[in-house]
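Student: The structure is given below, and queries will be raised subsequently.
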Amino acid sequence: IDADFRTQVEAFLTPKIVGALKTREKAARYGAYESAKKEAEEKFVSVITDKDLKAQRKKELGTIVEDLKYKKSREMILTDKVRIDGRNTTTVRPIACEVGLLPRAHGSGLFTRGETQVLGTVTLGTGDDEQFIDALQGTVTKKFLLHYNFPPYSVGETGRMGGQSRREIGHGRLARRGVQAVL
């Protein structure tokens, strides 16, 4: 990225990004990021007449915005001891739990923390319901199965629905470890 371009854009965007980072509501914060990026695009990119240079600068602008968000959010946490949502580094968001929501499941619960919600269900089975795994050591069985699903629409995004992503597998393993400890 051209150093002069980066310097000008960072000088223009820094107060806007810092202001957006202090917005507690996620949707409003993302809207502030987008409006800051559009303002910078109008001021620095739309005035360029060369088509190739314009496309390059637009891409560079996106990189600069992401770099600023990363640097300034880390700076807020490390120097000011304040997270993006306004909490200090020792405060944990409260969790709300409701159980028995689904009448047909053996167990169910809705857990809410901040803007995240999880609907968990439990189904009990017999020894015949164990998962059989063909491994190098021979056949292995698993008594406890945990399915974790995190579709893109659950966080207001669009995306392809297919097999589980690495993120879903990792989150599912963390959840399984936590639940398995209390079984």
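Student: Which one of Arg29, Arg6 is of a type in the set (Lys, Arg), part of a helix (DSSP H, G or I) and over 27 Å from Val155 (Cα atoms)?
Tutor: Just a single option satisfies the conditions, and that option is Arg6.
Student: When the stretch 156-178 is examined, which residues are found to be open to solvent by 60 Å² or more (accessible area, probe 1.4 Å) and assigned to a helix (DSSP H, G or I)?
Tutor: Arg166, Arg167, Ile169, His171, Arg173, Leu174, Arg176, Arg177
Student: Turning to a different aspect of this structure: I'd like to verify a number: residues in the stretch 95-154 that are open to solvent by 70 Å² or more (accessible area, probe 1.4 Å), part of a strand (DSSP E or B) and either out of contact with any Lys or Arg (no Cβ under 6 Å at 6 or more places or on another chain) or small (Gly, Ala, Ser) (or both), how many?
Tutor: Summing the residues that are open to solvent by 70 Å² or more (accessible area, probe 1.4 Å), part of a strand (DSSP E or B) and either out of contact with any Lys or Arg (no Cβ under 6 Å at 6 or more places or on another chain) or small (Gly, Ala, Ser) (or both) in the stretch 95-154 gives 14.
Student: From the list Ile48, Ile17, exactly one residue is outside any helix (DSSP H, G or I) and surrounded by 12 or more Cβ atoms within 10 Å (Cβ to Cβ). Which is it?
Tutor: Ile48
Student: A follow-up question, please. Condition test on Lys54, is it open to solvent by 90 Å² or more (accessible area, probe 1.4 Å) and over 20 Å from the mean Cα position of the chain (by Cα)?
Tutor: no
The values are calculated or read from the model by the stated rules, or taken from the named source; none is laboratory data. In this text the structure is predicted, and so the values were computed from the model without any measurement. We place every Cβ from the backbone using ideal geometry, glycine too, and count neighbours over all the protein chains shown. When the accessible area is computed, the model is the full protein with side chains, heavy atoms only, and any ligands, DNA or RNA have been set aside. Shrake-Rupley method; radii C 1.70, N 1.55, O 1.52, S 1.80 Å.
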